[in-house]
Amino acid sequence: MFDLGWTELLLIGIVALIVVGPKDLPGMFQALGKFVGKAKGMARDFSRAMNDAADQSGVGDIQKSFRAASNPMKTAMNEVKKTTDGVARDIDKAARPPLDPERQAAADKIREKSTEMANARRAAEAEEKAKAEAQAAPSDTATETATAAPADDSAGNKAGNKAGSKAGNKAGSKAGNKAKNKA
């Protein structure tokens, strides 16, 4: 920005210390810092506004065309690469022989079955999620009941089983085991 080195900054600091005084120097540096921050923010906003205006006016497209004109070999090679990729894809498709009707039918069955299984799995996961959400509140009370159970092993198991039957899920048995382990 100003091309100031450490020695120049040190000289400016010493002169500022002599002119302003040690008492007011921190306040002056704070005000200077705020000013520099505001100036950087304004410069950033100006730069962003100029870039947006350039994008809207189509300068980016012109810039791309200048780059293409300045390096025609690279542009030509990119076009050749795109074309060869397309040709290679077409050759791959053509080289693959079509399946005989029996194998095609088997492949179709496999696709249908996997789609059915995926849909069934999604439905089961949705049901489990709904059950877990519905049972979230009772399982919290079951855990509290089981942790407040006596330290006796059989009492811990009873509390866990009781909480498990109340909640209707694995949380009760886990809570019973926790109570047993604490005892």
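If you take all other residues with their beta carbon under 15 Å from the beta carbon of Lys40, and give Lys and Arg +1 and Asp and Glu -1, the sum is +3. Each of Ala88 and Ala136 was given a label point 7 Å from its Cα along the Cα-to-Cβ line. The distance between the two points is 5.0 nm. The heavy atoms of Leu10 offer some 110 square angstrom of accessible surface to a 1.4 angstrom probe.
Above 16 angstrom, tally the Cα pairs of the range 5-86 and express them as a % of all pairs, no decimals. That tail contains 74 percent of the Cα-Cα pairs. Length available on full extension from Ser70 to Ala54: 0.36 nm per residue minus the Cα-Cα distance, which gives 3.7 nm.
The values are calculated or read from the model by the stated rules, or taken from the named source; none is laboratory data. Quick caveat: nothing in here was measured; it's all calculated off a predicted structure. Neighbour counts run over all protein chains shown; Cβ positions are idealised from the backbone, glycine included. These accessible areas exclude ligands, DNA and RNA; they are computed on the full protein's heavy atoms, side chains included. Shrake-Rupley method; radii C 1.70, N 1.55, O 1.52, S 1.80 Å.
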